[in-house]
């Protein structure tokens, strides 16, 4: 029987996983096109060395600053097609923000008698805090524990209670449910400003992002637990249905999608959005309910266990 | 176990810093390092006494002709005695293969389904490359359709997706060729 100790650690061209087998750790390192497996028996593990790295350094500050600078310049630059060029630095900036939001980094090195391996599955201190106590418990359950004098071995009770891993909530879930609440607030602002038609483009973009985030949140069911996963899956379905309504009403208003994209000079005042008020209110309502419900679930469950 | 090193500067961490309740700064780079040493690290290595070959029918070690073989190297297949058998990452390795690999990971598997999917998707960025890579991707998909799954089972969705995309691409190319052959988009007919 195997148990995933941590959610998969993703990288652009690789991923890594750490599993617990019956009496061993199973470390998987994949370059997408090939997987490498290594098994380390618990009775062979000699040491675990965790080194913490600060979240900020010169390169990361430069990465964030330069991408932010170019995004801002291209967004505030002369009007026209320049704004489109803000997308690449904007994505790099977003990547930098998400990278830094994961907190301090670390390196976890495992020593056995014949090998020393860096476990790429543990790259942040949050991950280390979640998995290191469990690794220590498993190994000490097999080998015993060293006394403070560093020489005496204390036997561990056979049926040692599992140490509750440190509670941590994936950032993805907070971003996901936060985006739902933000979407509801944006829709409310457009509603009360009386410019509901202006918010539909933004709303469609956010719906697409919510759909993608919802799929990712649903796939992280191991971390999120059943209730949050059901809510995430429900949001995906609602986003799909809502997107369908949006596309249908847009097509209806423009007289068909293909007509719309081939027609030039459609005047906004000639566009009659179907059920614009009902759409906005309904969309804001389900976003607010789902977002707040998700956040309440995240906060009341005091995090999730890997 | 002789020593452990800092993960940042690779300098030795003194034993006084081992198994502390809180991370201790590295004496050299000052980064916080938490070292957990387990009892097996302090145990002296167990002596190994290889058995001798008694009869001529027994397999002997590649390195020691008088020692009875107890395992075969997972990398090169040579017979190994208890003296030469290195237990690395859950497998048996001979000293020569062990020296060639800094971190032995003996179980390696090629993900042909990912390769097939990449062959039919990534080259779409270039218009002419899929002419070669799409059939290659389809070939990979069918050739390794029933390949045994690795340690962790992988679904076949990549293979299905590969076949669907490849069929769509081939259909589009075929349609385009027919379109050209009818003279609608190609060279003018006489």
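The values are calculated or read from the model by the stated rules, or taken from the named source; none is laboratory data. The shown structure was predicted, so the numbers you read here are calculated from the model rather than taken from an experiment. Glycine also receives a Cβ, built like all others from the backbone with ideal geometry; neighbour counts cover every protein chain displayed.
Once the range A:7-20 is narrowed to residues that are assigned to a strand (DSSP E or B) and out of contact with any helix residue (DSSP H, G or I) (no Cβ under 9 Å at 6 or more places or on another chain), the residue that is farthest from the other protein chains (Cβ to nearest Cβ) is A:10. Note on the range A:5-16: among residues that are buried (at least 17 other Cβ atoms within 10 Å of the Cβ) and over 20 Å from residue B:7 (Cα atoms), the one that is modelled with the lowest pLDDT is A:7. Selection of the range B:68-90 for residues being in a strand (DSSP E or B) and under 30 Å from residue A:18 (Cβ atoms) yields B:71, B:72, B:80, B:86, B:87, B:88.
Among residues of the range A:286-298 that are over 21 Å from residue A:240 (Cβ atoms), those with a Cβ under 7 angstrom from a residue that is not in a helix (DSSP H, G or I), sequence gap 6+ or separate chain, pair up as A:298/A:169. Checking A:204, A:188 one by one, the residue that is surrounded by fewer than 20 Cβ atoms within 10 Å (Cβ to Cβ), modelled with pLDDT of 85 or more and either assigned to a helix (DSSP H, G or I) or touching a helix residue (DSSP H, G or I) at 6+ places or on another chain (Cβ under 9 Å) (or both) is A:188 and no other. Restricting attention to the range A:29-45 and to residues that are touching a residue at least 40 places away in the same chain (Cβ under 8 Å) and surrounded by 21 or more Cβ atoms within 10 Å (Cβ to Cβ), the residue that is nearest to residue B:20 (Cα to Cα) turns out to be A:45.
Return yes or no: is residue B:65 outside any strand (DSSP E or B) and within 14 Å of chain A (Cβ to nearest Cβ)? Spelling it out, it is not the case that residue B:65 is outside any strand (DSSP E or B) and within 14 Å of chain A (Cβ to nearest Cβ). Within the range B:126-165, the set of residues being loosely packed, with under 13 Cβ neighbours inside 10 Å, more than 14 Å from chain A (Cβ to nearest Cβ) and in a loop (DSSP other than H, G, I, E, B) comprises B:126, B:127, B:128, B:146.
The helices (runs of 4 or more DSSP H) found entirely in the range A:220-306 that carry 3 or more residues being modelled with pLDDT under 75 are A:221-224, A:226-254, A:257-262.
Taken as a whole, the range B:56-68 holds no residue that is free of Cβ contacts under 8 Å to residues at least 40 places away in the same chain, closer than 30 Å to residue B:155 by Cβ and in contact with a helix residue (DSSP H, G or I) (Cβ under 8 Å, 6 or more places away or on another chain).
Just one of (1) modelled with pLDDT under 85; (2) under 30 Å from residue A:131 (Cα atoms); (3) more than 7 Å from chain B (Cβ to nearest Cβ) fails for residue A:64. It is (1).
Just so you know, in the range B:10-28 the residues that are within 10 Å of another protein chain (Cβ to nearest Cβ) and surrounded by 15 or more Cβ atoms within 10 Å (Cβ to Cβ) include one that is nearest to residue A:123 (Cα to Cα), and it is B:23. The single condition from (1) facing another protein chain (nearest Cβ under 10 Å); (2) in a loop (DSSP other than H, G, I, E, B); (3) under 16 Å from residue A:45 (Cα atoms) that residue B:40 fails is (2).
Being facing chain A (nearest Cβ under 7 Å) and modelled with pLDDT of 90 or more is the requirement here; does residue B:89 meet it? It is false that residue B:89 is facing chain A (nearest Cβ under 7 Å) and modelled with pLDDT of 90 or more.
Here's the yes/no breakdown for (1) more than 13 Å from chain A (Cβ to nearest Cβ); (2) more than 30 Å from the chain's Cα centre (by Cα); (3) closer than 19 Å to residue B:91 by Cβ:
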{"position": "B:36", "(1), (2), (3)": "no, no, no"}
{"position": "B:47", "(1), (2), (3)": "yes, yes, no"}
{"position": "B:51", "(1), (2), (3)": "yes, yes, no"}
{"position": "B:55", "(1), (2), (3)": "yes, yes, no"}
{"position": "B:58", "(1), (2), (3)": "yes, yes, no"}
{"position": "B:76", "(1), (2), (3)": "yes, no, yes"}
